[in-house]
1. Being in contact with a Phe, Trp or Tyr (Cβ under 8 Å, 6 or more places away or on another chain), more than 10 Å from chain B (Cβ to nearest Cβ) and closer than 14 Å to B:Tyr105 by Cα is true for just one of A:Lys37, A:Lys56, A:Lys71. Which residue is that?
2. Among the residues of the range A:21-30, is there at least one that is of a type in the set (Val, Ile, Thr) and exposed (fewer than 14 other Cβ atoms within 10 Å of the Cβ)?
3. Any residue at all in the range B:88-100 that is surrounded by fewer than 16 Cβ atoms within 10 Å (Cβ to Cβ) and closer than 15 Å to A:Tyr97 by Cβ?
4. Please specify each residue of the range B:32-76 satisfying the condition of being in a loop (DSSP other than H, G, I, E, B), farther than 18 Å from B:Ser18 by Cα and either within 11 Å of chain A (Cβ to nearest Cβ) or free of Cβ contacts under 8 Å to residues at least 12 places away in the same chain (or both).
5. Is at least one residue of the range B:108-115 within 12 Å of the chain's Cα centre (by Cα), in contact (Cβ under 8 Å) with a residue 24 or more places away in the chain and part of a loop (DSSP other than H, G, I, E, B)?
6. Can you name every residue in the range A:91-110 that is more than 10 Å from chain B (Cβ to nearest Cβ) and either in contact with a helix residue (DSSP H, G or I) (Cβ under 6 Å, 6 or more places away or on another chain) or closer than 18 Å to A:Phe46 by Cβ (or both)?
7. Go through the range A:55-84 and report how many residues are part of a loop (DSSP other than H, G, I, E, B) and among the polar types (S, T, N, Q).
Amino acid sequence: DQQVKQNSPSLSVQEGRISILNCDYTNSMFDYFLWYKKYPAEGPTFLISISSIKDKNEDGRFTVFLNKSAKHLSLHIVPSQPGDSAVYFCAASGNDYKLSFGAGTTVTVRA
Amino acid sequence: GAVVSQHPSWVICKSGTSVKIECRSLDFQATTMFWYRQFPKQSLMLMATSNEGSKATYEQGVEKDKFLINHASLTLSTLTVTSAHPEDSSFYICSAMGQYGETQYFGPGTRLLVL
């Protein structure tokens, strides 16, 4: 049972534009949400996180928005750069700290 | 900060042998480490949670006698795949979580190929 869903397997965006990645979850016990970036044959790299007491967290070009009532979060990358091309995973955890991952979204930034 | 290493990065072994994978937190103490597995074109799946000084807890469907986990210190956890078979071929990734944070930092992964 997939508790974290990323319904868009891929996203193509032009350099300089905004990338918006979406993630939905079903478990209401999740209270901490993270976004990771991953290249093939490498471990995920932590990008940004948000706890359930907030609805927005910003770090440089990355902003994560959380809508608890809709059980939805999104990652905005602006401006998108060619180096942002990778697979992005949404992950969520509850008080046991175990991460449930989405299936990932492959982002391609076009020059 | 928050660097996690894994060794080896690549291993090829014969069916029936055992393989040990090490996960180290290099610049912080990790009270909890996690082991994940990723099959091609799939997401990361949690295998087990490893707490320093105590037994690991395994996710449903993961054989604890096949995947032995030892978390002997605050900076090292090991995963031993015992009597490996071709179906165990996968990408194994560990993560480490510090004492005061909820963020997990991941190692670079170990690709295991069992012939």
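1. Answer to the selection: A:Lys37.
2. Checked against the condition, which is being of a type in the set (Val, Ile, Thr) and exposed (fewer than 14 other Cβ atoms within 10 Å of the Cβ), the range A:21-30 yields at least one hit.
3. Looking through the range B:88-100, at least one residue is surrounded by fewer than 16 Cβ atoms within 10 Å (Cβ to Cβ) and closer than 15 Å to A:Tyr97 by Cβ.
4. If the condition is that a residue be in a loop (DSSP other than H, G, I, E, B), farther than 18 Å from B:Ser18 by Cα and either within 11 Å of chain A (Cβ to nearest Cβ) or free of Cβ contacts under 8 Å to residues at least 12 places away in the same chain (or both), then B:Pro40, B:Lys41, B:Gln42, B:Ser43, B:Lys55, B:Glu59, B:Gln60, B:Gly61 are the ones that fit.
5. Yes, the range B:108-115 has at least one match.
6. Correct list: A:Ala92, A:Thr105, A:Val107, A:Val109.
7. Qualifying residue count, the range A:55-84: 3.
Yes/no matrix, rows are residues, columns are (1) more than 11 Å from the chain's Cα centre (by Cα); (2) at pLDDT below 95:
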{"residue": "B:Val3", "(1), (2)": "yes, yes"}
{"residue": "B:Gly16", "(1), (2)": "yes, no"}
{"residue": "B:Lys20", "(1), (2)": "no, no"}
{"residue": "B:Gln42", "(1), (2)": "yes, yes"}
{"residue": "B:Met47", "(1), (2)": "no, no"}
{"residue": "B:Gly53", "(1), (2)": "yes, yes"}
{"residue": "B:Phe67", "(1), (2)": "no, no"}
{"residue": "B:Ser73", "(1), (2)": "yes, yes"}
{"residue": "B:Ala84", "(1), (2)": "yes, no"}
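The values are calculated or read from the model by the stated rules, or taken from the named source; none is laboratory data. Since the model is a prediction, treat every value here as computed from it, not as a measurement. Here the Cβ is made from the backbone with ideal geometry for all residues, glycine too, and neighbour counts use every protein chain on show.
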